[in-house]
Structure formats: C-alpha cells, structure tokens
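One structure is given below, encoded as structure tokens.
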Amino acid sequence: MSSNELMALNEGFPEVIEEFLEHEPTMKCVAFNRRGTLLAAGCNDGSCVIWDFETRGIAKELRDDECSSPITSVCWSRSGNRILVSAVDRSLTLWDVMSGTRTTRIFLLQTPLQVSFCPSSSNSSLCLVCPVSCTPMIVDLNNGNTTLLKISVLEKSNGLNHAASRNKGPGGTPFTPAAACFNKHGNLIYLGNSKGKILVIDGKDGEVRAMVHVSDSVVKNVVFSRNGQYLLTNSYERIIRIYENLLPLKDEIKALDELDENQKDLHGIEKLNVVGSKCLTLIRGFKDSVTKVHWKVPCFSRDGEWVVGGSASKYEHKIYIWNREGSLVRILEGPNETLLDLAWHPVRPIIVSVSVTGVVYIWAKHYTEYWSALSPDFTDIDVNEDLVEEEDEFDLNPRTKVKISDVDEDEEVDIMKVEKDTTFSDSDMSQEELCYLPTIPIPDPPEPQVPEQQVPEPIIQEQQVQEPQDKILEFSSNLVDNNKSDSPLSEIAKPNIDDAEGTRCKRMRKPSQKMLELQEQKAKKTSKVKKKPLAEETSDDADAGAEGTQIKRGQKPSKKDKGKEPQV
C-alpha cells in the first residue's frame, strides 16, 4: 500500500467506541509515546501501566513501593526510553522503560498537575512542571534544581519587574494558577497566567520576550500542535481559542531579537505587546453557545486539522470535534461518566479518553468495506443482476484488449533506501527510539508432585483396619454355613491359629463305619488292583461316602441307571 493510501486511511476523525481498556487499580491519566505504539496510564495507587496499543495488552507495569498516591500526569521522553510521572504526594518520578527501574525521585513544595519533557535533545534532563498553586518551574532531573518562571510583568522606571500579589511563594516570589508548555524545539516557553495573558519566555535565561492578551479570565490550558504551527488556549470564559504561530519553526530566538531591534522606540509592556502581536495571531474561538459548558484537556489532531475539547460537566462523557474553520463536525457521546483526560493518537484518527471509573475508551473511525478498492474492474451493485457471459470471456487469448500497466517491470527497485516519513521528519534524536517492548512469557506455576510409591497414612491405617474385619466376617459366615448343614458326615473342627500366617480355619470330616469297611476290603485286594496313594484313596472314598453312591466299584451301571443322578 502506497504512502498516499495510508494517509487517506489516517485522515478524518473518530466516530464510535472501538474498544475499552480496564485495569485494577483504576487509571487516571494517559499519554502516547511519539510513535503511538505504546500508551502509558497513571493509576490511582501510584503505579504506571504501559499498554501495547497494537495488541491492547499490558506490556509493563512500573510500580514503586514508596509511592501509593494517585498519579496526576504522565509524560514520555522524545526517544521513548523514559517516563516521567507526577503524583499527589508532590513527587516527580523518572522511570527507565526498558528495565522498569526508578531512576530519579524529586519532591516539590506543591503538588504538580502537569509535567512535560523538554523536546530538545540537548536538554533532555529538563522538564516543565505546573503545580497546583505555585509558579510554573523548570526542574533539572539530574540534580533536582528548580527555576521559577515569571508569570506577570510590571512596568517601572528601571524596567520590568514581577507584579505585586498577596500570595507569596518560596522566597517571596508571587504565584497564581498558571499553565505552560514548550514550543516545538524547546527553546521557548509559552505561559498563560491568571490575567488572561500569554507570556513568551526564553528557555535559557527565563526572560519575557513577548506578551499576548488572550482573555479576561484565567488561562487553564496551553497546547501546541505537533507541527508547531498552531497554539490552543482554554480559559474560564468557556472558550477555546486557536492561534497561528508567526515565528519561524527554526531560529525563533533570532527572529525575536530582530523584532526587538525593530522596536527600539518602544519600552516596557507596550514593546512586549507589539512583539507579541507579531508572534501569535488569533484565528477563531470555539464554544458551545447552547449549553455553555466548561472545557477540559483541549488538544489537536495529529496534523492540526481538527480541534478537540472534552466536556467538564459531571456525569457527562462528551468530546467535541471542530475543524480549523470553526465548524462543529462531531460530538462523541460516551457513557454517563465524568471525563478526566483524553489524548489524540500521534499517527491515526484515534482518541483515547479516561472516565472517572478508571476505564479507558478507544474512539476510532467506522470503516466501510469497499471491494472495488481491491480490483479496479470490480463494480458494486445494489440489486442482483444476471450474469451475461461473453463469448471470449474464458478464452486463453481474449479478443478484448487488456489494459497494460504503465509500470516498468524491468526497473530496479531500491530496497535499502528508507523513505522519509513526513510525520516524524523533525527527528533530531541522537539515541535509538523505543517503539515496542519485548514480550516476556510468564511461566505456569509448578504442580505439586506426589511420590508414586508413597501412600498417605490415613489410607494405610484404613487398610489395616479393614483387612482383619474382612477376615472376621469370612470366618463368621463359614460358621453360619456349617451350623446350617444337616449332613451327619461333617463337623466343624476348632480353628487352627498360626501366628506366622495369620488366622486360618480348616473344615475336617470323620470317616463313617461303612467307609472303614471299604478301606479294609481295598487293603485285601492290593495284589489285584494297582496300588494307589493312601491320601488319594481316602479322598476318593470320602467323596464316594459323602455322596452315598449305590454303584459298586468295578460294576458297570445298567441302562436304567444311565442318565440318573446318584441318590443321597
């Protein structure tokens, strides 16, 4: 698929909820890495969960036993190798993503609400922090040094100074609620204060270079587009304003120096206002004239064509999407849950939003299948039609002319050259970028193994108890059978007990008088009849005597006796 076709698929805006992510404990804020392959979510227990956005599975979980406070903000470094999180316990924690270890932890005087890395690769250890009730500051993560930014200016006879305020921060520095963000290259900071002004501050020395009047109320959010051409502000007037950046995307400091040189006749605030008018120009504002809702976490689409604002109303999960011309194109309505945070995917038309219940909803486009895109000669029809077969349709050499492709098949294709991606053409990173995390399989817990010959003790005891009982029952049944026997030829002998082999019972019979007579006759006829063993003859005679046969030995039975059973 060509790059133009991919761009066509990535155009537009989300329409429906495609999927949702759940995790325990609940999630509070989200942030994509630069490529959009990983999604970091700050949780309510101080942990940070990294989702693989392609598979929608958890790739890694960053947890610190010393921090159990809810996370307020999550930020990725430019290379994606580090994550910076801020928590309610006034801490900043820097994590190494690949190893999952904590690198740095710094405590501030106020709870940080928003943190962001410096986009410049030369100042990768610097971050911008916006606390709850303190002046925004620059924090060096290597040594923990903080530099407070100026939030307002006051004209005096000797130049510019801080404005007076009843609220004093550390060292007597005034503070008011403010929002700030870096520009595309990180050499300028755009700060919105409580007086409705945007201050353009030099990132190196912290001096105010320009000032733009935005609103008559507090500025809550300041956001730059990905390409750095547009600036978005959100104020308590319930209006989202979009500004165009008039400074060049490179050498902004040099352009500001030239503007200062051209305004030598002006001084103080008047000069700052003139220079500010040449830095930012208002395009238009966005608001809901009917409901007049407050806005939360406004942001741009990946290419800056769409402006997004989340409703701050309770029990309402609505996302408004406008184009840059000011037209409202879509309102995404989710469940009746308060919206906490949202982010637009860096590459695709996807929005992720976080609700107060901790569920992350993924909004995407509703795609329709067009089979004609797969084959140029395929035609979509609404009603079934009968197929009319042409005469040469299945011929090997059809008469109809086949359209010949204009592509030269003999042309050599360079497979080693990588085409420049316009989406990430501003990359100036010196280290390798982390896009995916390796999958680590979790082994199953081992099953408990029982030796084959080992038998549990309760079973052995049960067998030992059961075997004597079975023998006793067998012996008692024999006694009952013998007692019921009416034969005068049988009596029950006393049991013979053998200690070595266990208890055994034998049944013996006394020879009758008739049997003794027969034995005497046999002894006399030993010369004629072949001598048999005594034990065998005794057993034969005993059986014959017990059965009471009437057939004499050596005499053949008659025909009448054949087929009759011997009488007892």
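The criterion of being surrounded by 13 or more Cβ atoms within 10 Å (Cβ to Cβ) and part of a strand (DSSP E or B) does not hold for residue 302.
Looking only at residues of the range 351-381 that are in contact with a strand residue (DSSP E or B) (Cβ under 9 Å, 6 or more places away or on another chain) and either open to solvent by 100 Å² or more (accessible area, probe 1.4 Å) or outside any strand (DSSP E or B) (or both), we find that the one that is farthest from residue 56 (Cα to Cα) is 356. Taken over the range 305-322, the criterion of being open to solvent by 30 Å² or more (accessible area, probe 1.4 Å) and of a type outside the set (A, V, I, L, M) is satisfied by 305, 306, 313, 314, 315, 316, 318.
Of the residues making up the range 126-149, those that are at pLDDT 90 or above and open to solvent by 20 Å² or more (accessible area, probe 1.4 Å) are 126, 138, 140, 142, 143, 144, 145, 146, 147, 148. Within the set 116, 91, 86, 79, the sole residue that is of a type in the set (Ser, Thr, Tyr) and either surrounded by fewer than 19 Cβ atoms within 10 Å (Cβ to Cβ) or closer than 22 Å to residue 204 by Cβ (or both) turns out to be 116. Any idea which of 297, 356, 293, 329 is closer than 30 Å to residue 73 by Cβ, touching a residue at least 40 places away in the same chain (Cβ under 8 Å) and in contact with a Leu (Cβ under 9 Å, 6 or more places away or on another chain)? Matching residue, one of 297, 356, 293, 329: 297. Scanning the range 56-97 for residues that are of a type in the set (Ser, Thr, Tyr), touching a residue at least 40 places away in the same chain (Cβ under 8 Å) and not in a loop (DSSP other than H, G, I, E, B) yields 72, 73, 86.
The values are calculated or read from the model by the stated rules, or taken from the named source; none is laboratory data. These numbers were taken from a predicted model, which means no experiment stands behind them. Cβ: placed from backbone, ideal geometry, glycine included. Neighbour counts: every protein chain shown. In case anyone asks, the SASA skips ligands and DNA or RNA and just uses the protein heavy atoms, side chains included. Shrake-Rupley method; radii C 1.70, N 1.55, O 1.52, S 1.80 Å.
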